[in-house]
Amino acid sequence: MAAVRLLDRYLLRELLVPLGYCLCGFLVFYVAFDLIFQIGRFQDNGLLAMDIVEYYVVTLPELLVEQVLPVSLLLALLYAMTNHSRYNELTAMRAAGVGLWRLALPYLVVGAVFGGVVLAISELWLPLAGDRAKFIMERRLAQPGQRDLTPRLILNNESARRKWILEHFNTLTKEVIQPSITWDLPDGSSRKIDAQRGVYRDGQWVFFGANVWERPVKVPVYLPTWPTNGATNAVLTVPFPETPAWIKSEIKVKNLTATDAAKGLRLSIREILDYRRLHAQIDPDKQAMLATQLQGNLAAPFTCLVVVLIALPFGMRTGRRNVFVGVAASIFICFGYFILQRITFGLGVGRSLSPVLAAWLPNIVSGGTALVLLARQR
């Protein structure tokens, strides 16, 4: 048992060193390449050096999720395993009775950890990254109070039969400007709140300059009602379940086009499920887009495991020629995987392919091929 643990530590150490170099190399290359095209925009917006650093700290996780983590893991695995093969270490381990899957266990653990990192970044970081990057990019511009205001919004919580009409929404302060909220009551009457502005505090909305109106059954107009009775400067506190996060999510889904959705993951699992829960009727095109995004989020963490499976049969080849052929073949298959992923994802968003197949087919094809090749080596 001690010998096996020592072997695991050795394999991990030989993998993690090149993995660190690959990650750093890709990130440095991306930042340097992106700076060439973005430097003019940064200068026009008056960004300082620390603003630019903060901008890349915010935006780099998206690159990590979609490309850098899987490709870095593949290259590091191939480097580590070809080194082992060059000195016949893998052959010696197999001859000592270490099974193929036991030998691959440390690599699979790293793939699973990377998959967890992908899921965590997708759910916790990326939903906030877009707004934060936009704020950083525009923070030095004139009229800072205006740049954070969205145009007029009409949002619906269909499950509660409540409509929000907002003249503006401040994405920085989360304040709603001139909100008008209407909803239906169980007895068939309707109620409306008009206000100058509203803020979200301690799980409740606080409306300033509020008026409450009610339209009784079979009455065509709204009438002033308690608790404001037409007062012009009333402060009203209402425990509506809609939050600023909900408003931002609604804006994000509403503004997401099929073209942008086909390029990759743009919504988190939580955003998609919340939108579905609050909207009973969804346009078929938007439904296909949301379903493909949802399945893509579920399939994305398994990409790193698929990459490990792809690297194993090719990295374990012995002999200089076999090692070279194995490395080239595995890189070819990996990039073929990403191309297939883009194609099927676009077909899913365009309703030409089932969302489940659109998201999972690349994993099934590439992972299945790798498993067949591994079975031949046992």
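The values are calculated or read from the model by the stated rules, or taken from the named source; none is laboratory data. Source: prediction; values computed, not measured. Every residue, glycine as well, gets a Cβ built from its backbone with ideal geometry; the counts of neighbours run over all protein chains shown.
Using the structure shown, decide if Leu75 is under 24 Å from Leu265 (Cβ atoms), in contact (Cβ under 8 Å) with a residue 24 or more places away in the chain and touching a Pro at 6+ places or on another chain (Cβ under 9 Å). Explain how you work it out, then say what you get.
Working: under 24 Å from Leu265 (Cβ atoms): yes; in contact (Cβ under 8 Å) with a residue 24 or more places away in the chain: yes; touching a Pro at 6+ places or on another chain (Cβ under 9 Å): yes.
Yes.
Might you let me know whether the stretch 62-83 holds any residue that is surrounded by fewer than 16 Cβ atoms within 10 Å (Cβ to Cβ), under 24 Å from the mean Cα position of the chain (by Cα) and either outside the structural domain of Tyr107 (by TED's automatic domain parsing) or in a helix (DSSP H, G or I) (or both)?
Checking the stretch 62-83: at least one residue is surrounded by fewer than 16 Cβ atoms within 10 Å (Cβ to Cβ), under 24 Å from the mean Cα position of the chain (by Cα) and either outside the structural domain of Tyr107 (by TED's automatic domain parsing) or in a helix (DSSP H, G or I) (or both).
Confirm whether Gly116 is within 30 Å of Glu271 (Cβ to Cβ) and in contact with a Cys (Cβ under 7 Å, 6 or more places away or on another chain). Steps first, answer last, please.
Values: within 30 Å of Glu271 (Cβ to Cβ): yes; in contact with a Cys (Cβ under 7 Å, 6 or more places away or on another chain): no.
Taking the combined requirement at face value, the residue does not satisfy it.
Does Leu7 meet the test of being in contact (Cβ under 8 Å) with a residue 60 or more places away in the chain and touching a His at 6+ places or on another chain (Cβ under 7 Å)?
Values: in contact (Cβ under 8 Å) with a residue 60 or more places away in the chain: yes; touching a His at 6+ places or on another chain (Cβ under 7 Å): no.
The answer is no for Leu7.
Please pick out the residue among Phe114, Phe135 that is within 30 Å of Pro179 (Cα to Cα) and of a type in the set (A, V, I, L, M, F, W, C). Even if it seems obvious, please write down each step before you answer.
Values: Phe114 fails: within 30 Å of Pro179 (Cα to Cα).
Exactly one of Phe114, Phe135 is within 30 Å of Pro179 (Cα to Cα) and of a type in the set (A, V, I, L, M, F, W, C), namely Phe135.
Can you say whether Ile247 is more than 26 Å from Pro301 (Cβ to Cβ), surrounded by 14 or more Cβ atoms within 10 Å (Cβ to Cβ) and at pLDDT 90 or above, as far as the supplied structure shows? Outline the logic, then answer.
Details: more than 26 Å from Pro301 (Cβ to Cβ): yes; surrounded by 14 or more Cβ atoms within 10 Å (Cβ to Cβ): yes; at pLDDT 90 or above: yes.
Yes, satisfied.
Test Ser366 against the criterion of being part of a helix (DSSP H, G or I), modelled with pLDDT of 80 or more, within 24 Å of Val68 (Cβ to Cβ) and among the hydroxyl-bearing types (Ser, Thr, Tyr), and give yes or no. It would help to see each step written out before you state the result.
Values: part of a helix (DSSP H, G or I): yes; modelled with pLDDT of 80 or more: yes; within 24 Å of Val68 (Cβ to Cβ): yes; among the hydroxyl-bearing types (Ser, Thr, Tyr): yes.
So Ser366 passes the test.
Is there any pair linking a residue in the stretch 112-135 that is free of Cβ contacts under 8 Å to residues at least 24 places away in the same chain to one that is among the hydrophobic types (A, V, I, L, M, F, W, C) and surrounded by fewer than 15 Cβ atoms within 10 Å (Cβ to Cβ), with Cβ under 8 Å and at least six apart or on different chains, and which?
If the second residue must be among the hydrophobic types (A, V, I, L, M, F, W, C) and surrounded by fewer than 15 Cβ atoms within 10 Å (Cβ to Cβ), no pairs are left.
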